[in-house]
1. On a straight-distance basis, which lysines could pair with Lys28 in a cross-link, Cα separation under 16 angstrom, same-chain partners fewer than 8 positions away excluded?
2. Where Lys and Arg each count +1 and Asp and Glu each count -1, what net charge lies around Leu67 among other residues with Cβ under 11 Å from its Cβ?
3. Tell me, in nm to one decimal, what length is gained between Gln371 and Ser26 on full extension, where the rule is 0.36 nm per residue of separation less the Cα-Cα distance?
4. Could you give the distance between the Cα centres of region 92-107 and region 585-642, to the whole Å?
5. Calculate the length of the line joining the C-alpha centroid of region 326-359 to that of region 21-67, in whole Å.
6. Listed highest first by mean packing, meaning other Cβ atoms within 10 Å per residue, what order do 594-601, 364-371 come in?
7. What net charge is computed for the residues neighbouring Gln576, neighbours being all others with C-beta under 9 Å from the C-beta of Gln576, Lys and Arg scored +1, Asp and Glu -1?
8. Using θ = phi - 60° and the Karplus relation 6.51 cos²θ - 1.76 cosθ + 1.60, list the HN-Hα couplings for region 443-455 in order, rounded to whole Hz, with x at every Gly or Pro.
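The values are calculated or read from the model by the stated rules, or taken from the named source; none is laboratory data. The structure displayed is predicted, hence computed values, not measured ones. Methodologically, a virtual Cβ is constructed for each residue, glycine included, from the backbone with ideal geometry; neighbour enumeration extends over all protein chains shown. These accessible areas exclude ligands, DNA and RNA; they are computed on the full protein's heavy atoms, side chains included. Shrake-Rupley method; radii C 1.70, N 1.55, O 1.52, S 1.80 Å.
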Amino acid sequence: MAKNILITEKPSVAMEFAKVLNINTSRKDGYLEADNWIITWCVGHLVTMSYPEKYDEKLKFWRLDTLPFIPEEYKYEVIPSVQKQFNTIQSLLTREDVSTIYVATDSGREGEYIYRLVEQMIGVKNKDRKRVWIDSQTEEEIKRGIREAKELDEYDSLADSAYLRAKEDYLIGINFSRLLTIIYGRRAAKELDQDKISISVGRVMTCVLGMVVSREREIRNFVKVPYYKIVGEFGNKEENKYFKAEWKITDNSSKKDSVKLYNDTGFKKEQDAKAFIMELKDKKATVKEIKKSKQKENAPLLFNLAEIQNECTKRFKIKPDETLDIIQNLYEKKLVTYPRTDARVLSTAVAKIISKNLNGIAKGYKDEEVQGYIKQMAEEKYSTNIVKTKYVNDSKITDHYAIIPTGQGYENYEKLPDLHKQIYKVIVKRFLAIFYPPAEFNKISVVVTIDNEQFSTSGKVCTKTGYLDIAKNKNVKDQSKENETVQDNLEILTKLKKNSEVGIINFETKDAETSPPSRYNSGSMILAMENAGKLIEDEELREQIKGAGIGTSATRAEIIKKLEKIKYININGKTQIITPTVKGEAIYDVVNMSMPDMLNPKLTASWEKGLEMVAKKEIESAEFMGKLESYIKAKINKLVVRR
């Protein structure tokens, strides 16, 4: 009788598939077997690319005359520590009674690569091969994944991009690390007072090191420049009806183009600022402009991996790889959807049945605060039809939609560590917020003129909290006090009349100074990598300009971890602030002197874009490989000739 075999990426995932397929047999050595099904598993990567010395023993020694090293055919080998499990899979995949292989490794580029390497090493023939592609590990999603499994061939272009990514990292790492170590290693070792040093270069890793060192040197070389602003106090202080406004240069200002100005809002010297104040004394102030508006602010988009990693670094001071491990665990416990996603929106298909997730949370998640939010949703009759909102966009989803709670898996919740529970709650609250109405604000901006000089102020007060009921972490009492203060100020501004005279109470100088850029922390670095080296603080803007990033959601945390492991960077355990080590700066200087474009995020992002184009069948693998080989040869020729 013909059997199906299903292969997962790790044993714990295999057990979930076994439950869904009702395989109640005892676990054998590396697999499970029932009448119709065999289930086996990898343990992460089982096969890896061979080191150069496996091609030729002479390549064990690092010499310039062996570079560039670009094999015509690549060699692979089984990782010794997992040889036993590989042998088990090999015996199962080649069994005559196995007719169909269901590939259920992780639904992404790396998961595809893990299986394809195993299949390549075994030389699987004459079997039907199907791909199980799922967004969560809930029972219905696993059943759907098996039922709707496509032919594995449909994922060949994804596999091609996975192989190319590995070859690219391999060739750049081996060739450039050897090249720079041979040419500059002794010099760098002497600078670091070491006997010898190996210079590690990586396609993404070196670029990230560049971002850290460049930022550190910007800060180190930064010189604070003080300057002096002018603040006017207007109104009637005795009646407690007054407001403050700041001076800013305009085209009509008497100080336009003055060399005494530092910028549009301040003077280089305090004495010049005070002299300007004296010019304004005994003059009349007029309300030139009053603008009133109402603003609406919607809940932010859902979490992708980069956003939740950044959020957890800020809130819990943990590293991005730890966040990924925790969310991977929540995924395997069926509590959240697939973690390694770049999307911050849902698909139309998921949005149409989203009430399932909400009902699951309402019934199963025994958290008092969250139950209060769900109760409010029911009482206020908030709509759950989000199909036509900004939270649903099929065109912004590649492999997987945003990370959301499944509304299932609560049988596993109580045993979770406390931090896992807290991160789960962060994901739930971000999800529930999209069903809440927008927050509403009253805003007013006022311009006061004295002759041709202009002073401006504005006020904004929240009139309806909407989604802020969930999203804000501030103490509610503190927030309401703050709101009251702003409200008082707003009322004063609202009562002003255009073209009316307003009393001048006082002018004063306000000390200001330029500030250096901030250091990256491990979370903000993930966001900067996602945006090809630009750290964009505004969340909405980040989403709009997002293009090709550095690395992928699956690899970014690991790259930061590696840089710390090889002692190129330090990460402060309490603050997660990243700084370069002396060694890291020395390596940066070598790369900057020899091949500076390796430090350029745009170049690294363009390679990543190329891999994406291969996966989408927009370019052929051969074209990508040709460009890569030419790039490596050109770099080596340039440096070797220069020497």
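1. Partners found: Lys10, Lys19, Lys84.
2. Counting the neighbours of Leu67, the net charge comes to +3.
3. Roughly 120.2 nm would be gained on extension.
4. Going from one Cα centre to the other spans 37 Å.
5. Region 326-359 and region 21-67 have Cα centres separated by 30 Å.
6. Final packing ranking: 594-601, 364-371.
7. +4
8. The phi angles translate into 10, 9, 10, 10, 10, 10, 10, 10, 6, 9, 9, 10, 10 Hz.
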